[in-house]
Amino acid sequence: MTLSNCDEILELIPAFVLGALDADEAARVAAHITNCPRCRVEAESFRDVVGLLPYASGALNPPPRVKRQLFARIAAANDDAPAEITLSSRPTAALRFTRSGRWVMPAFAVMLALIIGLGTAVFEARGRADRLAAQLAFNQQALHSMELQIAEVRQTATAVEAQLLVSVRELDEARLQLAKSQQEIQELRTSERQDEQLVSFIAAPQTVSRSLGTTERAPNEASARMFMQPGHNRLVLMIYGLKSAEPGKMYRLWLAKGNQQIAIGVVTVGPDGVAEFVVDAPEPMDAYDQVMITLDEVDTTAQPSEEVIFEANL
Amino acid sequence: MLAADSSALDDEALITRVASRDSSALEQLYDRYARIVYATALRMLGNAELAEDIVQETFWRVWRRSASFAIGRGQVAGWIFGIAHNLCIDELRRQRSRPMIVQGEQEEQAMIDQPDAQSDVVSAAIERERRRIILQALAQIPPEQREVLELAYFRGLSQSEIAQRLNSPIGTVKTRTRLALQKMRDLLHNQKIGADDLHD
């Protein structure tokens, strides 16, 4: 053994005797110790110390059955382990040579020991098997319960997922409805502002109000009134009792300035015969000479028709 | 100091008789050391049923291998404890490589001395004295060395596993292991207590 090799082995011997070496390292140390007296002595000294460590655990009585099973096992085994040290001088032959020359066993004693030993071992093994079977059954039952719980949770999860989808759809619909309502509110507010502005315009002290004259083409109950302010472009017309224009025709508002006829817009009459028309003319109303409402063909825009419904000089 | 020279002779005489297939000799060894084996196995494995198996298997192997025990090359008790320790380590490593699904009863029993109705008063006193001496020696080695000793001997961890557990270099673990056992050996020697005096 080389000195360096011994030095290396000496370092490993404490862990070796503690059983803390990996298998290959332990085998290497064991092989070295076999052939190296110096390392073997070192190992034995440590082994004596390690052999004391179990006393640190104290002492506890194993159950009596352990001893019983051990000696039943010993009694049951036909022990043929070779003894390497000198046997005692006490005869150990368990066989008797019969007169007929055959070896026989003291059958009864051996059989009895065998039966007792095997019976005890079987009883103990059965008890352990029963305990394990009970534990297995318990575990299987617990596993089954867990599987049921998992299935239940999955079912609940599926239902929750479906409900979530419905809720998402409803939420989207609610959002759309909300957007629509907001738009309607905006339109109403705009209309309200317009109405407020209209009322303000009509009620203003500088506003001039005049009735428009009707022609024979106007229904008897039809009337129209206009509102305007000097120097202002805005013209408001309130028309009552006018029938809706027949298909292909429309009521159009015209302003006349000298020989020029300017189409201002289309007057839409509601089913109640009322029309509200607000327009900002290209110039202040003072610039115009005449206002009239005619019943025109839909596709004509250049000149007013001959069918004048309302008219007034400005 | 409890000198037990007669008991020391008894141990070697007993093992010789065990080798001659004298089961009564084995029974005496069993009565003398099974309690220590059981307590150690229970401490290492934490399972009473496994500890019982260790006890039975240990003394079965003592019965089977008694002839291989070299008289004069160590103590009988140390040899018996070594068999038990190796069996426990094998079981620990088997558990680590294949964790058990069905948990048996895990019992954490206090490591206390239990009086044995069958053992005599002298034997019980010897056990207590030995335990006191060993615990006293263990208390005098530095904590980091004692920890390594605990993990190696009672937890069955290899040095590489200890290094991983403690997040220490393996060289440090090797050094602490060696120093721990050297210290234990020196302490026992300085107290003029040899292994011969403690073992039977």
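Nothing in this text is a laboratory measurement; each read-out follows from the coordinates by a stated rule. Treat the numbers as computed from the prediction; the structure is a model and nothing was measured. When we count neighbours, we look across all protein chains shown, and the Cβ atoms used for this are built from the backbone with ideal geometry, even at glycine.
How high is the FRET efficiency from B:Gln140 to B:Thr175, r the C-beta distance, R0 22 Å, rounded to 0.05? Computed FRET efficiency for B:Gln140 and B:Thr175: 0.75. Computed 3J(HN,Hα) for the range A:238-247, one whole-Hz value per residue from the Karplus formula 6.51 cos²θ - 1.76 cosθ + 1.60 where θ = phi - 60°, is 10, 10, 10, x, 9, 6, 5, 5, 6, x, glycine and proline marked x.
The mean count of C-beta atoms from other chains within 10 Å of the C-beta of residues in B:151-161, rounded to a whole number, is 5.
Counting every C-alpha pair in the range A:165-256, the share spaced more than 21 angstrom apart comes to 58%.
D by Stokes-Einstein for the range B:151-191, Kirkwood Rh over Cα pairs, 20 °C, 1.002 mPa s: 198 µm²/s. Set the Cα radius of gyration of the range A:237-314 against 2.2 N^0.38 Å, with N its number of residues, and you get 1.05.
What ranking of A:Met146, B:Met184 emerges when the number of other C-beta atoms within 10 Å of each C-beta is taken as an exposure proxy, fewest first? Show your work: numbers first, answer last.
On the way: A:Met146 10, B:Met184 24.
Starting with the residue having the fewest Cβ neighbours, the order is A:Met146, B:Met184.
If a spin label sat at a point 7 angstrom from the Cα of A:Asp289 along the line to its beta carbon, the backbone N atoms of the range A:197-234 nearer than 19 Å would be those of A:213. For the range A:17-68, the normalised intensity computed at q = 0.15, 0.17, 0.23, 0.30 Å⁻¹ comes to -0.60, -0.68, -0.88, -1.15 (log10 of I(q)/I(0), Debye sum over alpha carbons, equal scatterers, no solvent).
Mind checking the full-extension length gain between A:Leu114 and A:His144? Use 0.36 nm per residue of separation minus the Cα-Cα distance, one decimal, nm. Walk me through the intermediate numbers first.
Numbers: separation 30, 0.36 × 30 = 10.80 nm, distance 4.34 nm.
Between A:Leu114 and A:His144, full extension yields 6.5 nm more.
For A:Gly265, the residues whose modelled amide H falls within less than 5 Å of its own, excluding neighbours fewer than 5 places apart on the same chain, are A:Leu253.
Across peptide A:7-19, the mean count of Cβ atoms from other chains lying within 10 Å of each residue's own Cβ comes to 6. Scaled against 2.2 N^0.38 Å for its residue count N, the alpha carbon radius of gyration of the range B:3-96 is 1.08. Sorting A:His232, B:His85, A:His144, B:His189 by the number of Cβ atoms found within 10 Å of their own Cβ, with the fewest placed first, yields A:His144, B:His189, A:His232, B:His85. Over the range A:178-314, one equal point on each Cα, no solvent: what is log10 I(q)/I(0) by the Debye formula at q = 0.09 Å⁻¹? Normalising to I(0) and taking log10 leaves -0.29.
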